[in-house]
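Written out below as structure tokens is the structure these notes cover.
The values are calculated or read from the model by the stated rules, or taken from the named source; none is laboratory data. None of these values were measured; they are calculated from a predicted model. Counting neighbours? That spans all protein chains shown, and the Cβs are built from the backbone with ideal geometry, glycine included. The accessibility values were calculated without ligands, DNA or RNA, using every heavy atom of the protein model including side chains. Shrake-Rupley method; radii C 1.70, N 1.55, O 1.52, S 1.80 Å.
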Amino acid sequence: MMNQSTLLSLAALLCVAARPAAESIEITFAPKLGERVEKTWTTEHELRMTGMTRAHGERRRPLPARGSIDSTQIVAVVDEYQGLEAGRPTGLRRSFTRARRLTEVAFSSEMAEDAPLRLRQKSPFRGASVVFTWIPEEGEYGRYYDTREENEELLARVREDLDARALLPAAAVAVGDTWEVAAAELVDILAHGGSYAFEAVEGRDPFLMRALDSGVAGSMDRVFGGSQVGGAQVRLESVEDSAEGRIARLSMDVELKLSRDHTDTIEESKSTRERAEGIDYEDVHVTLDLVGKGELRWNLDRGAAQGLSLELQEHVYARVRHRAPSDDEGVFREQDITLDGTLTLSLSVAPGEPLPIAGPEGLPGAAAPEEAQEAGDN
């Protein structure tokens with residue numbers, strides 16, 4: 001005969017076995033054809049200088065300098081889905097309604113304190129409309145301007161995904177399940193939409209402009225493509241009903257290290273003065289360490305992102321090594337800098353306003369659809 005303890009244990013086991021398994025759901029990208037969605041991505045860096053060293057040959061000395069770089073980049077678009085297949089748009093028309101970057105740089109030393117420098121830069125994409133078409137044979141998107149004539153070269157580094165699809169699971173998941181996202185896949189989160197060209201600012205330090213475009217408080221796209229370590233762990237936290245529909249809440253734990261050699265790029269973009277002085281760059285390197293958390297809210301009824309927020313601790317190390325004609329053979333000048341602070345990123349989503357429609361013959365400057373195969377992803 002079973003004793004009371006054994007009966008209680010058996011009853012507990014039967015209760016566990018009787019519980020229904022957690023419901024699995026598919027979190028997929030499936031917006032309606034013809035739907036127009038307004039998306040606003042905002043990226044903010046707040047960085048403080050924590051170290052600077054300058055060297056000439058064997059002589060190396062720390063510099064007692066203090067400084068900060070704060071920047072805000074906003075890219076707002078209206079996307080119209082014209083075709084969908086296999087979890088991605090096969091046709092997408094994107095109208096850029098806003099695209100700008102605001103940067104404030106402050107620098108001080110024991111000798112002097114400079115007034116903060118403020119840079120306001122617009123992007124030539126603002127006001128443009130771009131059509132993305134998926135080319136199965138090439139496994140990438142082609143793109144072309146459909147409303148006005150623009151610099152076609154700028155399209156080469158612009159990517160289609162502004163939907164945070166990189167964070168979605170590959171199969172059905174239940175609340176509590178986790179999955180991994182590789183470092184390389186996070187490019188469409190941290191560097192959403194690729195590289196947006198920003199207008200040059202006359203009279204500004206070319207070193208600062210290049211730093212921003214190399215990933216220091218600026219274009220994150222330029223830091224991917226080199227060494228990429230870590231990634232993100234994503235977890236389905238809950239599924240909740242709301243006025244907008246059923247919302248899946250996905251949490252993110254991010255730990256990522258990106259390192260990129262920019263030597264060739266800097267050599268090609270040397271200023272007139274640098275060329276006249278015979279400056280040769282030997283090593284230009286940027287490394288970012290990013291650690292933090294975030295949340296993606298996914299509308300299961302719409303099959304699209306409802307919103308995203310991400311806050312990361314950011315550590316930046318940048319090194320520049322070059323040689324001037326006046327230096328002895330084999331002697332280089334080097335400067336490195338470290339900055340620490342935060343990177344915050346958000347995506348907001350709202351119903352989009354109607355896009356302007358081109359006439360039967362297209363608008364002035366419109367490109368033919370067959371030109372979509374130009375400017376493949378780099």
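Just the accessible area for Met220, please: 1.4 Å probe, Å², rounded to the nearest 10?
In the full protein context, Met220 sits at about 10 Å².
What does the charge count near Thr178 come to, summing +1 for each Lys or Arg and -1 for each Asp or Glu among other residues with Cβ under 15 Å from its Cβ?
-3
Using a 1.4 angstrom probe on the protein heavy atoms only, line up Val316, Val105 by accessible area, largest first.
Val105, Val316
Modelled label-to-label distance, Arg118 and Ile135, 7 Å Cα→beta-carbon offset: nm?
Those two pseudo-labels are separated by 4.4 nm.
More than 20 angstrom separation, counting every C-alpha pair in segment 48-184; what % is that?
67
If each of Arg61 and Arg88 carries a label point 7 Å out from its Cα toward its Cβ, how far apart are those two points in nm?
So the label points at Arg61 and Arg88 sit 5.4 nm apart.
Just want to confirm a number: the relative contact order over segment 163-317, from Cα pairs under 8 angstrom separated by 6+ residues, in percent.
Once divided by the residue count of segment 163-317, the mean separation gives 21 percent.
Take the alpha carbon atoms of segment 62-109, find their center, do the same for segment 146-177, and report the distance between the two centers in whole angstrom.
Each part's Cα centre sits 14 Å from the other's.
On full extension of the chain, what length is gained from Glu311 through Ser251, given 0.36 nm per residue of separation minus the C-alpha to C-alpha distance?
Taking Glu311 through Ser251 to full extension adds about 20.4 nm, to one decimal.
Under 9 Å from the Cβ of Arg48, count the other residues' Cβ atoms, weight Lys and Arg +1, Asp and Glu -1, and hand me the total.
-1
What percentage of the solvent-accessible surface of segment 122-227, computed with a 1.4 Å probe over protein heavy atoms, is contributed by carbon and sulfur atoms?
48
What is the sum of charges, Lys and Arg at +1 and Asp and Glu at -1, for the other residues whose Cβ falls under 13 Å from the Cβ of Asp283?
Neighbour charge sum, excluding Asp283 itself: -2.
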